[in-house]
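The values are calculated or read from the model by the stated rules, or taken from the named source; none is laboratory data. Predicted model, so just to flag it, every value in this text is computed and none were measured. Positions of Cβ are backbone-derived with ideal geometry, glycine not excepted, and every protein chain shown enters the neighbour counts. For accessibility, only protein heavy atoms count, side chains too; no ligands or nucleic acids. Shrake-Rupley method; radii C 1.70, N 1.55, O 1.52, S 1.80 Å.
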Amino acid sequence: VALISVAVKTSLDKFLLTFFMPEKCYDQFFLYFNFMHVPCLKIVLSKTMGILILVGIVIAPLPQIWKVLWSGSSNGLCMTSNFLELLAISTHAAFCYAQKFPIGAWGESLFALIQIAVLVLLVLHYQGKTIKGVCFLALYCGFMFLLASPLTPVSVVWTLHEWNVLLVIAGRFFQARSNFRWGHTGQLSALSVFLVYLGSLGRIFSSLQVHTRLLRYLNGDIA
C-alpha cells in the first residue's frame, strides 16, 4: 500500500509539474504551503486557461458534428459561417507550417480544421448537395496543399493570416443573421458554442499575460 501511495504521489507530482506549474511554484505550494503566492497563482491560472483553450479548440466541433449526425439535419447551420471559420483556421495552420513552428504550437488547429471540414461536408450532404460537398472537400485539400507548399509566397500566407480576425467576425455575423432570420437556432449545438466561449475566455486571460500578442487575440475572441 505504501509503495502504491508513493507511486501515485510521484505520478501526480510529474503531472502537476508538466502541465500546471514550474518546480519553484510546486515548492511554494506543497513544501512551504504558501498558497497565496501571487506570481505562482498567475502561472497556474494561465496554464489552466491554456488547457481550456486547447480543449475548447480541439473538441468544440465534435458536439456539433454529433448533433447533425444524430438528427440527420443541418437545419440552422450557416454554410457561409462554417466556410469562413474553416478558412480562418486553415490560414492559421498554413502560416504556422510555413514558419516551421513546432507542431505542439499549432497542432490543435490541425484537428479543428479537419473537424470543421467534416462539418461542412455534412451540412452540404443534408442539404442534398453531397456531390458538391465531395467536390468542395477535394478542392479544399488542393487549396491547403498549395497554401502550405513553397509555391505560395510567404507574404501571401502572412496576409491571409492577418485577415483571420475579420473572417471570424464575419462568420459569427452570418451565423447570427441566419438564426435571426429563421427565428430559431435549429441544430446549432449549445455545447459547441459554450466550448468556443470557454476557450475564448481562456485565451483572453492568457493574452493579458503576454502584452505583445494582446490585441490580435482579443479581437478574435471578442468576435
Take the conditions within 30 Å of Gly183 (Cβ to Cβ), in a loop (DSSP other than H, G, I, E, B), in contact (Cβ under 8 Å) with a residue 40 or more places away in the chain and open to solvent by less than 30 Å² (accessible area, probe 1.4 Å) and apply them to Ser81. Does it pass?
no
Condition met for His161 (assigned to a helix (DSSP H, G or I), of a type outside the set (Phe, Trp, Tyr) and over 25 Å from Trp66 (Cβ atoms))
yes
Go through segment 98-121 and give me each residue that's β-branched (Val, Ile, Thr) and open to solvent by less than 20 Å² (accessible area, probe 1.4 Å).
Ile116, Val120
Any residue in segment 35-46 that is open to solvent by less than 20 Å² (accessible area, probe 1.4 Å), in contact (Cβ under 8 Å) with a residue 60 or more places away in the chain and either assigned to a helix (DSSP H, G or I) or touching a His at 6+ places or on another chain (Cβ under 7 Å) (or both)?
no
Can you pull out every residue in segment 47-61 that is open to solvent by less than 50 Å² (accessible area, probe 1.4 Å) and β-branched (Val, Ile, Thr)?
Thr48, Ile53, Ile57, Val58
Going through segment 141-151 one residue at a time, which ones are surrounded by 13 or more Cβ atoms within 10 Å (Cβ to Cβ) and either charged (D, E, K, R) or at pLDDT 85 or above (or both)?
Phe143, Met144, Leu147
